[in-house]
Amino acid sequence: MYGGQLPTTGFSGVIYAVIGLCLIVAAAVSAGARWLLGQFR
Amino acid sequence: MRVLRVLAWVSGLAGCALLLFTGFLAWDPVAAQRQHALIGDLYHQWGQPAQVSQPNRCSGSVPQVRPARGKPFALIRIPKFGVGWKFTIVEGATLAQLSGGPGHVTGTQFPGQPGNFAVAAHDITAGNAFLHLGDLRRGDRITVTTKCDVYRYAVQSKRVVWYTDIAVLDPVPGQPGKHPRKQLITLITCTPVTLAFTPYRIIVTGHLVSVTQRVSAVGGVARASGRRPS
């Protein structure tokens with residue numbers, strides 16, 4: 001019955017939030033890196 | 001350098017879009033429409049004569065319900081959640097089936113059968129059906145209406161279990177193989193309320209208090225006689 005588990009009743013969309021946060025962090029890291037590179041030029 | 005800048009902007013915007021999409025999913029503004037459609041489908045079924053594969057359930061002592069996967073077959077009301085709180089129960093409890101509201105855990109019993117009628121629903125999304133399941137207390141009423149009957153249950157216990165504890169679905173919860181004598185209802189949702197995965201499920205169990213005939217919308221009686229639970 002459902003693979004030996006009780007039904008999944010949590011919010012399944014959290015994966016999109018995780019990916020979204022990762023993309024935002026990646027963008028922020030990229031911007032920070034570019035800013036740092038600009039400081040040493 | 002320019003390519004990196006563009007990539008950073010694109011990923012940042014995509015990330016924001018995904019966060020907004022997540023908010024949209026959690027808010028679920030079309031849940032009410034889906035539920036409205038399911039209720040319409042249910043009342044349409046109840047207005048139809050019995051199918052060949054579904055003998056006239058209102059003429060026997062125990063309903064022989066064989067609903068199709070994803071199809072609604074009952075209404076659940078919990079007065080403590082409000083006068084207007086009403087959801088259909090569809091057959092099945094996969095993510096797709098729970099997207100419209102509560103679902104019957106396939107393999108467990110149906111109302112009117114000795115054993116355990118298990119119903120699962122999301123705490124958030126799909127109308128937030130079981131968001132306040134943890135607020136139920138001993139003695140609170142749960143009403144399930146099928147085509148023929150109205151089943152009234154009283155909450156008798158509430159507990160939190162691990163998501164693999166399927167013994168709560170047994171006909172006699174926690175006692176696999178034991179022949180059921182009582183008619184129980186088990187309501188299941190995730191706890192605590194969170195946007196992330198949680199391995200815990202809150203389990204509310206109730207026992208049948210009474211069964212009465214359902215009075216149809218046109219004033220007719222769907223069942224010939226009311227009865228007490230066996």
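What follows draws every value from the coordinates through simple rules; no lab data is involved. This structure is a prediction, so every number in the text was calculated from the model and none was measured. For neighbour counting, all protein chains shown are included, and Cβ atoms are generated from backbone atoms with ideal geometry for every residue, glycine included.
Would you say B:Gln33 is in a helix (DSSP H, G or I) and without any contact (Cβ under 8 Å) to a residue 24 or more places away in the chain? So that I can check it myself, show each step before the final result.
Working: in a helix (DSSP H, G or I): yes; without any contact (Cβ under 8 Å) to a residue 24 or more places away in the chain: yes.
It is true that B:Gln33 is in a helix (DSSP H, G or I) and without any contact (Cβ under 8 Å) to a residue 24 or more places away in the chain.
Which of the residues that make up the range B:95-139 are part of a strand (DSSP E or B) and of a type in the set (A, V, I, L, M, F, W, C)? Write out each step before concluding.
First, pick out the residues of the range B:95-139 that are part of a strand (DSSP E or B): B:103-104, B:106, B:108, B:115-120.
Matches in the range B:95-139: B:Phe117, B:Ala118, B:Val119, B:Ala120.
Out of (1) within 7 Å of chain B (Cβ to nearest Cβ); (2) under 25 Å from B:Ala129 (Cα atoms), what's the single condition that is false for A:Ile24?
Among (1) within 7 Å of chain B (Cβ to nearest Cβ); (2) under 25 Å from B:Ala129 (Cα atoms), the lone unmet condition for A:Ile24 is (2).
Would you pick out the residues in the range B:162-213 that are away from chain A (no Cβ under 14 Å), aliphatic (A, V, I, L, M) and not in a loop (DSSP other than H, G, I, E, B)? So that I can check it myself, show each step before the final result.
The first filter runs over the range B:162-213 and keeps only residues away from chain A (no Cβ under 14 Å), leaving B:172, B:175, B:177-185, B:206-213.
Restricting the remaining residues to those that are aliphatic (A, V, I, L, M) gives B:172, B:184-185, B:208-209, B:211.
Residues satisfying the conditions are B:Leu184, B:Ile185, B:Leu208, B:Val209, B:Val211.
Among the residues of the range B:70-80, are any surrounded by 16 or more Cβ atoms within 10 Å (Cβ to Cβ), assigned to a loop (DSSP other than H, G, I, E, B) and in contact with a Cys (Cβ under 8 Å, 6 or more places away or on another chain)?
no
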